[in-house]
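The structure appears below as structure tokens.
We did not get these values from a lab; they are worked out from the coordinates using the rules stated. Remember, it's a predicted structure, so these values are computed and weren't measured experimentally. Here Cβ is always computed from backbone atoms with ideal geometry, including for glycine, and neighbour counts include all displayed protein chains.
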Amino acid sequence: MAIDDRTRLNNGVDIPSVGLGVFRSHEGKETEQAVAWALEAGYRHIDTAKVYKNEKSVGAGLRASGVPRKEVFLTTKIWNDDMRDNRQLKSFEESLEKMGVEYIDLYLIHWPVANFLATWQILEEIHASGRAKAIGVSNFQIHHLDKLLPLVKVKPAVDQVELHPYLTQLPLRQYLAEKNIAIESWSPLGGQGGAILRDTEVAAIAASHHKSPAQVIIRWNLQNGIIVIPKSVHKERIVENANVYDFELTAAELARLNALNRDRRFGPDPENFNF
Ligand code: NAD
């Protein structure tokens, strides 16, 4: 089954709306296989980062799959220390080299470290060179974007943030919609703890559709126009997480899921991170 649902970014580039996340997926066989299984299952979007230390295996998995490079949307992210040490360009080139590719589809500022304005200008240069088809940010709050947007030549195409039914991020979503910046949800399934997948409301909705809690959450993202990058290294789950196009949540079910919001973060807070 091919995941052919795409979201058009503000620069005209299309991004597959469901991608495979590879945070905490180990370098080597684990990541290589996960990427190859995902591509075999129809995924065409992989989300990695320099700090995940698995860019090499993402590239190897891509090549092992036999799927042509140009059919796959690759995201990677610049790490905080490389921004602080002003080695942005070098870091980007290292990512290309590790993945063994000529270009990245989407290059993101991973966290809003202090010099994000200067870093953005370097991302704009990388974008102008054609080596990143789109550039964007991650973990940016409204106030970071208020600072950045008046100064950009190229508007960020996306903001990738923690987002799930316990953290629905409505004010940020409204802001990004007004600015025509796409939103991507990280830890869409609630990260490692599994609290959201065990939530009784999510489970009830899943049972009524004969789908899994994970599929319901992924569907909730898609029906809200949110790009979603669930992580798994298990073949069955990778396939399951892509199998979300044969059912639809009703307006009432979407409302029940929205009502689970409690502004609960499972990951670090962009207002207060120490890495
Ligand atoms: P997730 O919410 O996607 O997944 C959490 C866990 O759910 C997985 O570890 C897996 O054990 C389990 N799972 C997956 N599919 C399942 C299924 N069908 N049934 C039952 N359990 C299942 O967590 P995540 O990895 O934190 O986030 C997804 C991706 O987002 C990451 O891999 C990464 O690419 C990205 N991310 C980005 C940032 C950022 O700062 N930009 C931070 C965290 C994650």
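So the values come out like this:
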| item | result |
| --- | --- |
| Furthest towards positive pole of dipole, Ala259, Thr119, Ala132, structure part the chain, Cβ charges | Thr119 |
| Nonlocal amide H pairs with Ser138, under 5 Å, H built at 1.01 Å | Ile109, Gln160 |
| Phi to ³J(HN,Hα) by Karplus 6.51 cos²θ - 1.76 cosθ + 1.60 over the stretch 8-17, Hz, x for Gly, Pro | 7, 7, 5, 9, x, 7, 9, 10, x, 6 |
| Cα gyration tensor shape of the stretch 6-258, rounded if a/c is under 1.5, else prolate or oblate by comparing a/b with b/c | oblate |
| Order of Asp81, Asp159 - criterion: other Cβ atoms within 10 Å of each residue's Cβ, fewest first | Asp81, Asp159 |
| Exposure proxy order (Cβ contacts within 10 Å, fewest to most) of Val154, Val161, Val35, Val18 | Val154, Val161, Val18, Val35 |
| Total charge dipole magnitude, the chain, about the Cα centre, Cβ charges on Lys, Arg, Asp, Glu only, Debye to nearest 20 | 140 debye |
| Integer Hz, Karplus 6.51/-1.76/1.60 couplings in order for the stretch 76-87, x for Gly and Pro | 9, 9, 7, 7, 3, 5, 5, 6, 4, 8, 6, 10 |
| Ranking of His144, His45, His164, His209 by count of other Cβ atoms within 10 Å, fewest first | His209, His144, His45, His164 |
| Computed helical MRE - 222 nm, the chain, DSSP H runs ≥ 4 contributing -39500 (n - 2.57), nearest 500 | -11500 deg cm²/dmol |
